[in-house]
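> The structure follows.
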């Protein structure tokens, strides 16, 4: 990995995206003190990770890519053991654990062995740990990989809630651009050990162009359109393509403008750039193959726990 | 919280984790008493009929091997910990344990303590069996306590050795192989089931460097002879190697997740 530099602001959800082998997991390992940086320095809330690893770990929560709950313990016991290893106050422990189980919809299954849980429940149990330990910064490495769409939605919602209701700063890596768009306040795209670009989802999407309106019409098209509506990309056989800042607002205005000039608008479609487009632009080293491999290994790890 | 308090607290938590797992499913623990039981009931009983074995002190053969069988079963339990830790690495649990603020040392000490607890269970079962089949041992409370102390130290020593090896070998298959390759020679190259005087001279030399010989010797002095003269050396050697392997395991353990 090359020298990379980025800041995560307190209280935000920060996403690190990138194809496999880009260095996302290595980045997390360095920040969580699981691997030593060969050069440079990393600070977590002002504490140097190489000099005070235990103090840094005290402030962090980490949900690794592979499901890592202990299948041979109950949900309650999993939370209890890790609360003790994080030195959560004895008086607080019990209360926080039952709150966390309740909050993540696991209260009824708290005394069941975790190996009988579904993959989604195991993930939620891992995230619930954050509610017991109350880390200042929570790392989630590919939190929704290998989950069905419903469990995925629940996990995303709960990550958001954790951030909003408890002020936990969250650092998440993912391949899923929809998820990144939905979840992150700011994100950075990594490619081949470097940060290719960073910013808010809206800012990033702007870098690959604005919204494009495709208008089908009958009648003679005007020679030009006013600047504030956008700029014409192409005008061909009654089909007009317009590049604009905010597509949704432009639709009625473009329609009015054309109808006033005797052009009948038959249909308007809007296409907006997605984070997928951003990703394709900035990270080119083979996303597809990698993401399949990773999804497979996550599924394997879930089935291993459900022996 | 001070470092020693965090160290002890976390080590006890890791041991508690193991104890809770055993409470949910103790099948493995009971299965592990089958082998020593067979050694005592079958091997011991059959060889008991060989009258001219040169056993020092005039003890019966079953009496003679009881401490040896105990030591062997503890060795088998302890050497298994390297495989456990590789398995925990494979399911991601080790990464999670290492990402807690608990000192690395406490993880190793906790696992080693858990091995000690399993060892004590083996001891209780073997003592119970000895009582049932009428093997005469010195069941003096102090001696039994001393034996348990040796059992715990011995289990901690080999569990940490096993975790150290696991940090270099890194896969379960290799650990299974090395487990066999360590335990069987240690067992047959010790005084566990026959006196050293019966061995060819090269093997006698080897057994003098075999830690199992000292463990069995310590147990035998407490359970059979009551002659404690060799005990200080036995326990000192055991303490030293336990400390060494715990330290080495906690230094190299991170290799497993790199």
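> Evaluate the range A:185-195: report whether one residue or more is within 17 Å of residue A:277 (Cα to Cα), at pLDDT below 90 and part of a helix (DSSP H, G or I).
no
> Looking for whichever is away from chain B (no Cβ under 14 Å), buried (at least 21 other Cβ atoms within 10 Å of the Cβ) and at negative phi here; the options are A:13, A:67. Which one fits?
Answer to the selection: A:13.
> Tell me which residues, restricted to the range B:27-39, are within 14 Å of chain A (Cβ to nearest Cβ) and either touching a residue at least 60 places away in the same chain (Cβ under 8 Å) or in contact with a helix residue (DSSP H, G or I) (Cβ under 9 Å, 6 or more places away or on another chain) (or both).
Result: B:28, B:29.
> If residue A:273 meets every condition in (1) modelled with pLDDT of 85 or more; (2) not in a loop (DSSP other than H, G, I, E, B) apart from one, which number is that one?
(2)
> Assuming residue A:97 fulfils every condition listed in (1) more than 20 Å from residue A:194 (Cβ to Cβ); (2) modelled with pLDDT under 95; (3) part of a helix (DSSP H, G or I); (4) away from chain B (no Cβ under 14 Å) apart from one, which condition is it?
Going through the list (1) more than 20 Å from residue A:194 (Cβ to Cβ); (2) modelled with pLDDT under 95; (3) part of a helix (DSSP H, G or I); (4) away from chain B (no Cβ under 14 Å), residue A:97 breaks only (2).
> Could you check residue A:6 against (1) under 25 Å from residue A:146 (Cα atoms); (2) surrounded by fewer than 17 Cβ atoms within 10 Å (Cβ to Cβ) and say which number it fails?
(1)
> Answer yes if at least one residue in the range B:68-85 is within 14 Å of chain A (Cβ to nearest Cβ), in contact with a helix residue (DSSP H, G or I) (Cβ under 6 Å, 6 or more places away or on another chain) and surrounded by 24 or more Cβ atoms within 10 Å (Cβ to Cβ), and no otherwise.
Yes: one or more hits.
> Can you confirm whether the range B:201-218 contains a residue that is over 15 Å from the mean Cα position of the chain (by Cα), buried (at least 16 other Cβ atoms within 10 Å of the Cβ) and within 25 Å of residue B:114 (Cβ to Cβ)?
No, that holds for no residue.
> Quick check on residue A:87: is it modelled with pLDDT of 95 or more, at the interface with chain B (Cβ under 9 Å from one of its Cβ atoms) and part of a loop (DSSP other than H, G, I, E, B)?
yes
> Further, regarding this structure: For the condition in contact (Cβ under 8 Å) with a residue 12 or more places away in the chain, more than 14 Å from every other protein chain (Cβ to nearest Cβ) and within 23 Å of residue B:22 (Cβ to Cβ), what is the one hit in B:117, B:135?
Every option except B:117 fails the conditions.
> Give the residues of the range B:86-97 that are at the interface with chain A (Cβ under 9 Å from one of its Cβ atoms) and either part of a helix (DSSP H, G or I) or closer than 28 Å to residue B:220 by Cα (or both), sorted by residue number. I'd like the intermediate steps shown before the answer.
Initially, the range B:86-97 is screened for residues at the interface with chain A (Cβ under 9 Å from one of its Cβ atoms), giving B:88, B:90-97.
Correct list: B:88, B:90, B:93, B:94, B:95, B:96, B:97.
> Which of the following residues is out of contact with any strand residue (DSSP E or B) (no Cβ under 7 Å at 6 or more places or on another chain) and touching a residue at least 24 places away in the same chain (Cβ under 8 Å): A:205, A:227?
On inspection, the qualifying residue turns out to be A:205.
> Looking at the range A:55-63, can you tell me whether even one residue there is at pLDDT 90 or above and exposed (fewer than 14 other Cβ atoms within 10 Å of the Cβ)?
no
> Something else: Is it the case that the range A:140-150 has a residue that's in the same structural domain as residue A:66 (by TED's automatic domain parsing), under 18 Å from residue A:272 (Cβ atoms), in contact (Cβ under 8 Å) with a residue 40 or more places away in the chain and surrounded by 15 or more Cβ atoms within 10 Å (Cβ to Cβ)?
For the range A:140-150, residues in the same structural domain as residue A:66 (by TED's automatic domain parsing), under 18 Å from residue A:272 (Cβ atoms), in contact (Cβ under 8 Å) with a residue 40 or more places away in the chain and surrounded by 15 or more Cβ atoms within 10 Å (Cβ to Cβ): absent.
> When residues of the range A:19-49 are filtered for being more than 11 Å from chain B (Cβ to nearest Cβ), closer than 20 Å to residue B:95 by Cβ, in contact (Cβ under 8 Å) with a residue 60 or more places away in the chain and part of a loop (DSSP other than H, G, I, E, B), how many remain?
Within the range A:19-49, residues that are more than 11 Å from chain B (Cβ to nearest Cβ), closer than 20 Å to residue B:95 by Cβ, in contact (Cβ under 8 Å) with a residue 60 or more places away in the chain and part of a loop (DSSP other than H, G, I, E, B) number 4.
> Additional query: Assess whether residue A:77 counts as being surrounded by fewer than 22 Cβ atoms within 10 Å (Cβ to Cβ) and either more than 9 Å from chain B (Cβ to nearest Cβ) or under 30 Å from residue A:110 (Cα atoms) (or both).
No, not satisfied.
> A further question on this structure: Just wondering, is there one or more residues in the range B:49-57 that are more than 9 Å from chain A (Cβ to nearest Cβ) and modelled with pLDDT of 90 or more?
no
> Give the range B:98-114 a look and list any residue that's in a loop (DSSP other than H, G, I, E, B) and surrounded by 24 or more Cβ atoms within 10 Å (Cβ to Cβ), or say none.
B:99, B:100, B:102
> Can you name the residue in the range A:165-196 that is surrounded by fewer than 19 Cβ atoms within 10 Å (Cβ to Cβ) and over 15 Å from the mean Cα position of the chain (by Cα) and, of all such residues, is nearest to residue A:5 (Cα to Cα)?
The residue in question is A:194.
The values are calculated or read from the model by the stated rules, or taken from the named source; none is laboratory data. Since we're looking at a predicted model, the values are computed, not measured. In this analysis, Cβ positions are derived from the backbone assuming ideal geometry, glycine residues included, and neighbour counts consider all displayed protein chains.
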